[in-house]
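Enquirer: After the structure tokens below, expect a handful of questions from me.
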Amino acid sequence: MLRYRPAPPLSSFIDQFWYVRGYDPDRKRQSALPTGSVDLTFNLAADDLWVFANAADHVGMSFDGAVVHGAQSRYFVLDARRDVHVIGVHFLPGGGAALLGVSAQELTDRHIALSDIWGARARSLREQLLEAPTPAAKFALLEQEFRERLRPRRFVHPAISFALRGMQTAPTDLRIAQIQTSTGYSPRRFTTLFTDAVGLTPKLYSRINRLRSVVERVARGGEVAWADLASEYGYYDQSHLTRDFREFSGVTPGEYKPLGPATALHMELDGESGR
């Protein structure tokens, strides 16, 4: 996987662009854990892209080549095509709605074709990405597209930017009430501002962000002591961690099998193949 982080001011909205190309005859369907952010994916290998609600869903939803994944409250499943050629955008929390030009809450727990938001431009941009000769050229296209969409410039509310930094740098030490008090807003107003920007409530986002930290720690390898991890990351006990893990990922901690450190939030579904 190739990754590229755009320069300012886009870096305030976009965490990274990413690109994958290859062929895997044994590829299985993959479970994608929630990140608390919006993602955009272009399928350059085929004119459609399939998303499934969960591991039991074998019907799925089809999108025309580019799909926006809103902030999710639990995992979803990606198809298992052997020929992989995709490029995508992983937005920072709050950044996706600002740059895509749509309400964050409108995207929450949804997958929407980019053409439903951008119309014909979604298709023409995908065609340009197909024609671009190198990954660097494709990244440059996406960067230019989103730079143009910064005019007039859009911003995430300063209080929410402050809150997100606090939750990301110290997800277990700073409680939501402390962060909210520091912003100067009432609990109700703070929750409204946060949900409008991110698409998730502060409490739900914090829970997802905490589990993400645990998952990324486990994916780095080494011996895993789940009881110790539960204590380190601020869970009441191991059973509390297990409940959150199952709720957001669909599996228990012991069943979690990451694809690797770089893709900690993705795992293959046992016995799953085909589309």
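Enquirer: Given 204, 211, 200, which one is within 16 Å of the chain's Cα centre (by Cα), surrounded by 15 or more Cβ atoms within 10 Å (Cβ to Cβ) and not in a helix (DSSP H, G or I)?
Expert: 200
Enquirer: For the range 19-71, which residues satisfy the criterion of being in contact with a Gly (Cβ under 6 Å, 6 or more places away or on another chain) and of a type in the set (Phe, Trp, Tyr)?
Expert: Those that are in contact with a Gly (Cβ under 6 Å, 6 or more places away or on another chain) and of a type in the set (Phe, Trp, Tyr): 50, 52.
Enquirer: Could you check, for the range 182-197, whether at least one of its residues is in a loop (DSSP other than H, G, I, E, B), hydrophobic (A, V, I, L, M, F, W, C) and not assigned by TED's automatic domain parsing to the domain that holds residue 88? It would help to see each step written out before you state the result.
Expert: If we filter the range 182-197 for residues that are in a loop (DSSP other than H, G, I, E, B), which is where we start, we get 184-186.
Add one more test, that the residue is hydrophobic (A, V, I, L, M, F, W, C), and what stays is none.
The answer is no, given that none of the residues of the range 182-197 is in a loop (DSSP other than H, G, I, E, B), hydrophobic (A, V, I, L, M, F, W, C) and not assigned by TED's automatic domain parsing to the domain that holds residue 88.
Enquirer: Within the range 47-68, which residues are touching a strand residue (DSSP E or B) at 6+ places or on another chain (Cβ under 8 Å) and farther than 28 Å from residue 206 by Cβ? Reasoning before the result, please.
Expert: The first filter runs over the range 47-68 and keeps only residues touching a strand residue (DSSP E or B) at 6+ places or on another chain (Cβ under 8 Å), leaving 48-55, 57-68.
Once the filter is applied, which keeps residues that are touching a strand residue (DSSP E or B) at 6+ places or on another chain (Cβ under 8 Å) and farther than 28 Å from residue 206 by Cβ, the range 47-68 yields 48, 49, 50, 58, 59, 60, 61, 62, 63, 64, 65, 66.
Enquirer: Of these, 111, 157, which one is within 21 Å of residue 64 (Cβ to Cβ) and of a type outside the set (S, T, N, Q)? I'd like the intermediate steps shown before the answer.
Expert: Details: 157 fails: within 21 Å of residue 64 (Cβ to Cβ).
Only one candidate passes the filter, namely 111.
Enquirer: Does residue 37 satisfy being without any contact (Cβ under 8 Å) to a residue 24 or more places away in the chain, of a type outside the set (Phe, Trp, Tyr) and in the same structural domain as residue 133 (by TED's automatic domain parsing)?
Expert: On the way: without any contact (Cβ under 8 Å) to a residue 24 or more places away in the chain: no; of a type outside the set (Phe, Trp, Tyr): yes; in the same structural domain as residue 133 (by TED's automatic domain parsing): yes.
So residue 37 fails the test.
Enquirer: With the structure loaded, tell me whether residue 222 is modelled with pLDDT under 85 and assigned by TED's automatic domain parsing to the domain that holds residue 167 or whether it fails that test. Break it down stepwise before answering.
Expert: Working: modelled with pLDDT under 85: yes; assigned by TED's automatic domain parsing to the domain that holds residue 167: yes.
Yes: the conditions hold for residue 222.
Enquirer: Name the pairs: first residue in the range 246-259 and within 15 Å of residue 230 (Cα to Cα), second residue part of a loop (DSSP other than H, G, I, E, B), Cβ to Cβ under 6 Å, at least 6 apart or on different chains?
Expert: Short answer, once both residue conditions are applied: 246/252.
Enquirer: Here is a follow-up. Only one residue in 66, 98, 113 is at pLDDT below 95, closer than 28 Å to residue 209 by Cβ and either crowded, with 17+ Cβ neighbours inside 10 Å or assigned by TED's automatic domain parsing to the domain that holds residue 47 (or both), so which one is that? So that I can check it myself, show each step before the final result.
Expert: Details: 66 fails: at pLDDT below 95; 113 fails: at pLDDT below 95.
Of 66, 98, 113, the one residue that is at pLDDT below 95, closer than 28 Å to residue 209 by Cβ and either crowded, with 17+ Cβ neighbours inside 10 Å or assigned by TED's automatic domain parsing to the domain that holds residue 47 (or both) is 98.
Enquirer: Considering every residue within the range 238-250, establish whether at least one is of a type in the set (Lys, Arg) and assigned to a loop (DSSP other than H, G, I, E, B). Walk me through how you get there before you give the answer.
Expert: Narrowing the range 238-250 to residues of a type in the set (Lys, Arg): 243, 246.
From what is left, the residues that are assigned to a loop (DSSP other than H, G, I, E, B) are none.
The answer is no, given that none of the residues of the range 238-250 is of a type in the set (Lys, Arg) and assigned to a loop (DSSP other than H, G, I, E, B).
Enquirer: Of all the residues that make up the range 40-83, how many are free of Cβ contacts under 8 Å to residues at least 24 places away in the same chain, closer than 17 Å to residue 112 by Cβ and among the small types (Gly, Ala, Ser)?
Expert: 1
The values are calculated or read from the model by the stated rules, or taken from the named source; none is laboratory data. Every value quoted in this text rests on a predicted model; they were computed, and no experiment measured them. Note that each Cβ is placed from the backbone with ideal geometry, even for glycine, and that neighbours are counted across all protein chains shown.
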